[in-house]
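J.: A single structure is presented below for examination.
The values are calculated or read from the model by the stated rules, or taken from the named source; none is laboratory data. Since the model is a prediction, treat every value here as computed from it, not as a measurement. Quick reminder, even Gly has a Cβ in these numbers, built from the backbone with ideal geometry, and neighbours come from all protein chains shown.
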Amino acid sequence: MTYILNIETSTKNCSVTIAKNGETVVCNEIAEEGYSHAERLHVFIEASLKEAGIVYKDLSAIAVSQGPGSYTGLRIGVSAAKGLCYALGIPLIAVDTLQTLAAQATVSNGLIIPMIDARRMEVYSAIFTTELERKRETQAEILTENSFEELEGAVYFVGDCAEKAQTVLTKENFSFLEEIKYPSANEMSLLSFEKYKKSDTVDVAYFEPFYLKDFMVTTPKKQV
């Protein structure tokens, strides 16, 4: 019996699942503007274990969303996952955030493009098949009317930037699944289990989230 705790904190959605053999048993999550991950995450973990009827020592591994996404959100999730792995002596699994987001799209043909808002017209994106095979690596890009114009056939966009993306991505073969906004630990359940079966884990001591861009601190401009 394989129990995996899945943690997803890369966006506004703070999400935790307990999965048994790749199937979600319990899911606790909330998406808030205020990014309350620091307050919510450990509460969700404790509640999920209790609802699943297991304790920490029953866990086989812990999986965490590796990014890209919010710098602060990723740090919170990875720090919690690392701490638990150290304490319990179990492996850490890193799951691609955009693949987790793409997994929510239940379409049978075409391509899926998950996008995470990165301010202004910039997004973090990748391209997947409906079988979640990666067709293009993750990158940060500025959306224009020429973005993805080379793609033929059905193209489905998911993520939290549909409103701004639709102003420039207007090709007839483009569709926006607006109900799919944030990655969830629910879709991590199967992805992390597949990695666990292949012993596809990361070094707890040295693993760092995939930020994609350097974290930048800006200071307010002085009033003249």
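J.: Taking the condition of being outside any loop (DSSP other than H, G, I, E, B) and touching a residue at least 12 places away in the same chain (Cβ under 8 Å), how many residues in segment 163-192 meet it?
T.: Of the residues in segment 163-192, 13 are outside any loop (DSSP other than H, G, I, E, B) and touching a residue at least 12 places away in the same chain (Cβ under 8 Å).
J.: Go through 62, 76, 18, 30 for me and flag whichever is outside the structural domain of residue 118 (by TED's automatic domain parsing), part of a helix (DSSP H, G or I) and within 17 Å of the chain's Cα centre (by Cα).
T.: Only one candidate qualifies: 76.
J.: Specify the residue that is nearest to residue 192 (Cα to Cα); the eligible residues are those in segment 59-79 that are among the small types (Gly, Ala, Ser) and surrounded by fewer than 19 Cβ atoms within 10 Å (Cβ to Cβ).
T.: Within segment 59-79, the match that is nearest to residue 192 (Cα to Cα) is 60.
J.: A further question follows. Every residue in segment 122-181 that is in contact with a strand residue (DSSP E or B) (Cβ under 8 Å, 6 or more places away or on another chain) and acidic (Asp, Glu), please.
T.: The answer is 122, 137, 141, 160.
Results for (1) surrounded by 15 or more Cβ atoms within 10 Å (Cβ to Cβ); (2) hydrophobic (A, V, I, L, M, F, W, C); (3) farther than 25 Å from residue 159 by Cα; (4) at pLDDT 95 or above, shown as yes or no for each residue.
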site: 12; (1), (2), (3), (4): yes, no, no, no
site: 15; (1), (2), (3), (4): yes, no, no, yes
site: 19; (1), (2), (3), (4): yes, yes, no, yes
site: 22; (1), (2), (3), (4): yes, no, no, yes
site: 44; (1), (2), (3), (4): yes, yes, no, yes
site: 49; (1), (2), (3), (4): yes, yes, yes, yes
site: 54; (1), (2), (3), (4): yes, yes, yes, yes
site: 57; (1), (2), (3), (4): no, no, yes, yes
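J.: Further, regarding this structure: Of the conditions (1) free of Cβ contacts under 8 Å to residues at least 60 places away in the same chain; (2) surrounded by 19 or more Cβ atoms within 10 Å (Cβ to Cβ), residue 129 satisfies every one except a single condition; which number is it?
T.: (2)
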